[in-house]
Amino acid sequence: MNTYERAVSLLHSVKHKFPYFDIPSLQIGDLTVKLPIVQGGMGVGISLSGLASAVADQGGIGTIAANGIGLLEPDYFKDGKAANIRALRTEIRKAKASSAGIIAVNIMVALQDFSQLVQTAIEERVDMIVMGAGLPVKNIPVAQMREAGIKAVPIVSSSRAAELIFKMWKRIYKDVPDAVVVEGPEAGGHLGFSEAELTDPAYSLETVVPQVVETLKPYSEEFARHIPIIAGGGIYTGEDIYRIMQLGADGVQMGTRFVATHECDADIRFKEAYVNCTKEDIRIIKSPVGMPGRAINNAFLEKAEVSKRSFTCPWQCLAGCRADEAYYCISLALNSARQGKLDRGFVFAGSNAYRVERIVPTASLMRELVRTYLQAKIKDVVRFDIDFSKVFHPAAIMTSPV
Ligand SMILES: Cc1cc2nc3c(=O)[nH]c(=O)nc-3n(C[C@H](O)[C@H](O)[C@H](O)COP(=O)(O)O)c2cc1C
């Protein structure tokens with residue numbers, strides 16, 4: 001055994017003797033998630049059963065996004081609502097058939113058929129329903145979700161939003177959500193901030209997470225359960241995971257890294273847009289639904305800023321969308337992008353997408369995240385400089401995620 005092998009073997013044995021040297025699991029009520037990593041829901045066909053089951057298999061939470069899911073069905077333009085429900089049911093069943101891990105569904109509150117999609121997810125007994133793009137306060141079937149053992153998790157961008165949701169839930173349902181996703185301004189897709197807030201440090205993930213920790217404390221005490229915080233937006237490495245967990249998060253939600261996996265459900269050209277983009281290509285757009293979003297610039301987006309595309313709204317899928325005023329239909333544009341037709345759409349991406357170098361298997365990504373988390377932790381605890389890239393060679397991962 002050479003010195004390198006001895007070092008790896010020593011650290012391996014330490015991990016088994018001291019669980020302290022392991023990545024913590026994420027506990028959401030009675031649900032134990034082996035790795036504290038949630039794959040964020042990515043709508044209009046980017047995170048379906050393929051990606052969700054791959055992440056769940058590796059010990060994280062895999063999320064199917066419900067918005068625009070019916071665009072996978074041939075009859076979407078005839079009956080969008082029915083197509084959405086059918087496609088969501090099919091994808092949940094496929095994910096559950098291919099993984100025994102934890103499967104969540106992400107349902108945007110702003111969707112016209114929000115309630116029907118929630119019902120479908122309950123009927124199909126998913127493990128968790130994540131609700132963003134709006135405040136999930138009214139018409140949430142809390143008692144039904146409790147009965148089915150399904151965890152309810154809102155997405156917030158500020159402690160003010162968290163406070164409002166928890167206060168209203170307590171008043172209306174005499175209950176509170178099981179966990180909270182805190183999404184910061186570096187995330188991909190639609191963002192819960194004004195353009196000015198996006199660059200204001202007062203709204204950074206690192207600022208907001210400790211504030212949400214404080215906001216949730218009294219509710220944790222009153223309802224006698226820990227309410228975990230899952231932080232997302234710009235989390236790229238295991239070191240980022242370690243850092244945000246040191247600030248009070250119990251886990252992370254990641255989107256960008258999961259797009260660049262073999263199992264991501266989008267067309268290869270969508271994923272390659274990540275590999276090929278530069279930092280300067282990643283920009284903020286004003287989405288037709290009135291929110292800012294982060295995307296990779298392309299000719300479609302540049303043209304959409306100056307001229308209106310003619311389109312027929314298939315149905316009013318987003319409650320607040322004013323199709324008559326919109327320069328393009330966002331669902332149709334994202335549907336083209338997921339199929340790799342980037343001349344007719346564009347790619348949503350987080351601020352770190354330019355760092356993606358290659359498309360990898362989900363299992364390798366999860367191993368890398370665990371390895372770099374442990375490196376960051378040991379470096380922090382031991383506090384002296386070791387070249388960890390030599391000690392923790394990918395072939396010698398301390399923790400097998402499965
Ligand atoms: C391509 C793409 C599509 C997304 N679509 C949705 C969505 O439909 N609903 C949602 O709540 N979040 C959506 N998000 C946000 C992710 O779920 C996740 O929270 C976010 O990307 C985390 O930031 P990161 O990309 O820096 O890891 C999307 C993100 C990306 C990159």
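Bear in mind that the values in this text are calculations on the coordinates, not laboratory data. Please read these numbers as outputs of a predicted model, since none were measured by experiment. Cβ atoms come from the backbone with ideal geometry, glycine included; neighbour counts cover every protein chain shown.
A few notes on this one:
- Shape category assigned to the chain from the gyration tensor of Cα positions, a/c cut at 1.5: prolate
- Of all lysines in the structure, those lying under 26 Å Cα to Cα from Lys34, and not within fewer than 8 positions of it along the same chain, are Lys15, Lys17, Lys94, Lys96, Lys151, Lys217, Lys377, Lys379.
- Inter-site label distance for Arg125 and Ser194 at 7 Å from Cα along Cβ, in nm: 4.8 nm
- The charge dipole of the chain, taken about its Cα centre with unit charges on the Cβ of Lys, Arg, Asp and Glu (plus for the first two, minus for the last two), comes to roughly 400 debye.
- Most to least packed among 212-223, 356-367 [average Cβ atoms within 10 Å]: 356-367, 212-223
- In terms of the mean number of neighbouring beta-carbon atoms within 10 Å, the peptides 332-339, 68-75 order highest first as 332-339, 68-75.
- Segments 287-298, 233-244, 50-61, 304-315 sorted - mean Cβ within 10 Å per residue, highest first: 50-61, 233-244, 287-298, 304-315
- Those aspartates and glutamates that a straight Cα-Cα span of less than 20 Å connects to Lys78, excepting residues fewer than 8 apart in one chain: Asp113, Asp324
- Cα-based shape type of region 54-139, given that a ≥ b ≥ c are square roots of the gyration tensor eigenvalues and the cut on a/c is 1.5: oblate
- Nearest 10 degrees, 0 to 90: helix 362-382 Cα axis against the chain principal axis: 50 degrees
- FRET efficiency for the pair Gln27 and Leu135, taken as 1/(1 + (r/R0)^6) with r the Cβ-Cβ distance and R0 = 45 Å, rounds to 0.95.
- Volume per residue of the C-alpha convex hull in region 269-354, rounded to whole Å³: 90 Å³
- Segment Ala299-Arg146, extension gain: residue separation times 0.36 nm, minus the distance between their alpha carbons: 50.4 nm
- Viscosity 1.306 mPa s, temperature 10 °C, Stokes-Einstein D of region 98-143 from Kirkwood C-alpha radius, µm²/s: 142 µm²/s
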